[in-house]
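J.: I'd like to ask you about the structure that follows.
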Amino acid sequence: MRELLRNHLLRAQEKSARLLMMVGLIVVAFVLALFLNKHTQATLNIAVVGDNPITVQSDSVKITELKTAPPKSELIAGSYDAVVDFSKGTPKITTLKNQEFKDQLQTMLSGGSENMTSTTKKLSKASRILGYILMFLLMAGVTNTFVFTEDKEQHLMERMIASGLSQGKLFISYVVFLFSLLFIPTFLIFILADTVFSVNLGMSLANYGLLIGIICLIGTSFALCNAAFFKDGDQASMIGSMILVITSLVSGSFFSLSNEETWWNGIIKVLPQKQFLQLVEYVSGGESFRSNYLVIVYLLVLSGIFLLIAITKNRRTYLR
């Protein structure tokens, strides 16, 4: 096992540029999350286009009058919580928040006294930080399965198995190597931010370590499962990255989406990213890991299933 891991590490040194880019993206996401957390206020900012008949006497709601509707990217970035367009007479509401928020805003526009303060809750700092690095960390797993994919492409795996090396031992080396490749530099970023730069992370390093470990385990297991179904490493990376980008976005990694009870949201709720983000929200809110053990068990079982699929697929390939 030690020789396998040392061999993987020597091959990783040849990919230093790729690994530095991975770390760089995670650092950028980390810094961006801190910046947005500092500059995003908990008050609601409603953009109004056209003649503005809205009068609100509340410190929790800010009305910004605009001549033209802002791009949707500003809603995504959190600059505005909603855009109300009066240019055609009838108000048209555009928002990324849930139906409850939209109904409250509609009531306010109709002259009601709907209380909007329940929707002004700000994301915790930990939720924002881990939400922003989540997608990049998972994608880093998919794009750094080079040891596994090169062993298949260059027929090294066949030779190792033919020489008597068990597939189980080989797969353990892939899991340990890829998990370490993701976890160590990511957690070091948090340690440096806390100890060297005295950044208030909003949660203890121990909690961050456990949560980052869970992300890295999910990322490792999915990456190997994805790579097991492709002969070409670049194709595996492209398909896997596409899947992760889509599922991370709909899970609310960067911004909150509607929580209506629909079949679509029912599917989203079972995604590992969605479950992980809920776990982060609970833990950062003061709950213990023990009280959320069902979510943790779900994520661990799902990771185990991904690994089992990868091992089974690989074993069938080389036992023909």
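The values are calculated or read from the model by the stated rules, or taken from the named source; none is laboratory data. Note that this is a predicted model, so its numbers are computed, not measured. So basically every Cβ, Gly included, is an ideal-geometry build from the backbone, and we count neighbours across all protein chains shown. Keep in mind that these areas ignore ligands, DNA and RNA; they rest on the heavy atoms of the full protein, side chains included. Shrake-Rupley method; radii C 1.70, N 1.55, O 1.52, S 1.80 Å.
J.: Residues in the stretch 12-23 that are surrounded by 14 or more Cβ atoms within 10 Å (Cβ to Cβ) and either over 27 Å from the mean Cα position of the chain (by Cα) or among the β-branched types (Val, Ile, Thr) (or both): how many?
T.: Going through the stretch 12-23 one residue at a time, the tally reaches 1.
J.: Next question, about the same structure. May I ask you to list pairs of residues, at least six apart or on different chains, whose Cβ atoms are under 9 Å apart, with the first in the stretch 96-108 being closer than 20 Å to residue 249 by Cβ and the second being open to solvent by 70 Å² or more (accessible area, probe 1.4 Å) and assigned to a loop (DSSP other than H, G, I, E, B)?
T.: Every condition considered, the pairs that remain are 96/256; 97/256; 98/256; 98/259; 98/260; 99/259; 99/260.
J.: Restricting to the stretch 24-68, what's the tally of residues that are open to solvent by 50 Å² or more (accessible area, probe 1.4 Å), modelled with pLDDT of 75 or more and part of a loop (DSSP other than H, G, I, E, B)?
T.: 3
J.: From the list 171, 179, which residue is within 30 Å of residue 207 (Cα to Cα), modelled with pLDDT of 95 or more and either open to solvent by less than 30 Å² (accessible area, probe 1.4 Å) or in contact with a Leu (Cβ under 8 Å, 6 or more places away or on another chain) (or both)?
T.: Of the residues listed, the single one that is within 30 Å of residue 207 (Cα to Cα), modelled with pLDDT of 95 or more and either open to solvent by less than 30 Å² (accessible area, probe 1.4 Å) or in contact with a Leu (Cβ under 8 Å, 6 or more places away or on another chain) (or both) is 179.
J.: Something else: Residue check: is residue 189 open to solvent by 40 Å² or more (accessible area, probe 1.4 Å), of a type in the set (Val, Ile, Thr) and not in a loop (DSSP other than H, G, I, E, B)?
T.: no
J.: Which of the residues that make up the stretch 218-238 are open to solvent by 50 Å² or more (accessible area, probe 1.4 Å) and part of a helix (DSSP H, G or I)?
T.: 234, 235, 238
J.: If I filter the stretch 252-265 down to residues being outside any loop (DSSP other than H, G, I, E, B) and open to solvent by 40 Å² or more (accessible area, probe 1.4 Å), which single residue comes out as modelled with the highest pLDDT?
T.: 264
J.: Among (1) in contact (Cβ under 8 Å) with a residue 24 or more places away in the chain; (2) under 30 Å from residue 99 (Cβ atoms); (3) not hydrophobic (A, V, I, L, M, F, W, C), where does residue 208 come up short?
T.: For residue 208, the failing item is (2).
J.: If we scan the stretch 299-319, do we find a residue that is within 20 Å of residue 134 (Cα to Cα), modelled with pLDDT of 95 or more, surrounded by 14 or more Cβ atoms within 10 Å (Cβ to Cβ) and among the small types (Gly, Ala, Ser)?
T.: yes
J.: When you check residue 207 against the structure, is it at pLDDT 90 or above, of a type in the set (S, T, N, Q) and either buried (at least 16 other Cβ atoms within 10 Å of the Cβ) or touching a Leu at 6+ places or on another chain (Cβ under 9 Å) (or both), yes or no?
T.: Spelling it out, residue 207 is indeed at pLDDT 90 or above, of a type in the set (S, T, N, Q) and either buried (at least 16 other Cβ atoms within 10 Å of the Cβ) or touching a Leu at 6+ places or on another chain (Cβ under 9 Å) (or both).
J.: While we're looking at this one, here's another question. How many residues, within the stretch 109-134, are open to solvent by less than 30 Å² (accessible area, probe 1.4 Å) and modelled with pLDDT of 70 or more?
T.: Summing the residues that are open to solvent by less than 30 Å² (accessible area, probe 1.4 Å) and modelled with pLDDT of 70 or more in the stretch 109-134 gives 9.
J.: Something else: Looking only at residues that are hydrophobic (A, V, I, L, M, F, W, C) and over 29 Å from the mean Cα position of the chain (by Cα) in the stretch 70-95, which one is modelled with the lowest pLDDT?
T.: Within the stretch 70-95, the match that is modelled with the lowest pLDDT is 86.
J.: Please specify each residue of the stretch 273-287 satisfying the condition of being in contact (Cβ under 8 Å) with a residue 12 or more places away in the chain and in a loop (DSSP other than H, G, I, E, B).
T.: 285
J.: Now a separate question. Only one of (1) surrounded by 14 or more Cβ atoms within 10 Å (Cβ to Cβ); (2) more than 18 Å from residue 145 (Cα to Cα); (3) at pLDDT below 90; (4) out of contact with any Lys or Arg (no Cβ under 6 Å at 6 or more places or on another chain) is not met by residue 296, so which one is it?
T.: (3)
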